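Engineer: To start, I am sharing the structure in question, which I have written as structure tokens.
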């Protein structure tokens, strides 16, 4: 199955979790729980550049939602993680994973213009962010006002994603990379769940290609989680579940070939952009297995069991 790797420019600009982590300055002098950190001797250190590349490549649930909308797939509240019982999330592990999951749901709601429905999700996100001591980067009142008024979708998307970008950057700059990795995993698993569940009932080449390409992305995600897999039973279990999904991709074949380069003007200069074309080979049976396990892992994370 062949499909051009096209990025919906405005969407990817918003939701790529791209952040330049050039500063090593520690902010505020706050002391965080020991569970947030992993002793240097126990972690395989990744360079800041390597982490940035991995994070930027994590599939955007906003991009997935945009694909679904272009496919004219109806919005379904049934895909959303339930917000009832969010107060039961007591550990930083649970809060960080669910912060990512709810963030993906927020993107799905916003792309479909269901901004009125997003207030409840926003409230839960704010509580989780406060619980992780990163609520200062979440402009809840402005986001709530934009959601209720439905006046400016672009601003709502930007503020939502910018909040997550700032949280991610702050966590990494303050030696809380393990928490950031959990948040990013939550974003990925919810986007994966959404894409695979729709793909089971809607045969779309672009969507299937995105799902197939997750074989590569999942390898990066495992690399991001690997330094923390031995730090606790929860991290070890999560890493094991992600590995299980990865095994379902074993026989999925993904290759790339260069497309025609594009010349365009950026900031007054001519820039050559090299496009790639993906070739994804994935059978219906493979897709079904990936979808089933992705759903199981996602629901296990949501249930906290």
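Engineer: So, in the range 173-183, exactly how many residues are in a helix (DSSP H, G or I) and surrounded by fewer than 20 Cβ atoms within 10 Å (Cβ to Cβ)?
Structural biologist: Total satisfying the criteria: 1.
Engineer: Quick one: in the range 100-139, of everything that is modelled with pLDDT under 80 and in a loop (DSSP other than H, G, I, E, B), which residue is surrounded by the most Cβ atoms within 10 Å (Cβ to Cβ)?
Structural biologist: 138
Engineer: How many residues does the range 63-93 hold that are assigned to a helix (DSSP H, G or I) and surrounded by 14 or more Cβ atoms within 10 Å (Cβ to Cβ)?
Structural biologist: Number satisfying all stated conditions: 11.
Engineer: What number goes with the only condition from (1) crowded, with 16+ Cβ neighbours inside 10 Å; (2) part of a helix (DSSP H, G or I) that residue 142 does not pass?
Structural biologist: (1) is the only condition that residue 142 fails.
Engineer: Only one of 240, 186, 230 is in contact with a helix residue (DSSP H, G or I) (Cβ under 9 Å, 6 or more places away or on another chain) and either surrounded by 23 or more Cβ atoms within 10 Å (Cβ to Cβ) or in a helix (DSSP H, G or I) (or both); which?
Structural biologist: Step by step, each of 240, 186, 230 is checked, and only 186 is in contact with a helix residue (DSSP H, G or I) (Cβ under 9 Å, 6 or more places away or on another chain) and either surrounded by 23 or more Cβ atoms within 10 Å (Cβ to Cβ) or in a helix (DSSP H, G or I) (or both).
Engineer: Then there is this: Out of (1) more than 18 Å from the chain's Cα centre (by Cα); (2) in a helix (DSSP H, G or I); (3) within 28 Å of residue 118 (Cα to Cα); (4) at pLDDT below 90, what's the single condition that is false for residue 199?
Structural biologist: Condition not satisfied by residue 199: (4).
Engineer: Those residues that are out of contact with any strand residue (DSSP E or B) (no Cβ under 8 Å at 6 or more places or on another chain) and either without any contact (Cβ under 8 Å) to a residue 12 or more places away in the chain or part of a strand (DSSP E or B) (or both), I need them from the range 243-282; list them, please.
Structural biologist: 247, 250, 266, 267, 268, 269
The values are calculated or read from the model by the stated rules, or taken from the named source; none is laboratory data. Model, not experiment: these values are computed from the prediction. Cβ atoms come from the backbone with ideal geometry, glycine included; neighbour counts cover every protein chain shown.
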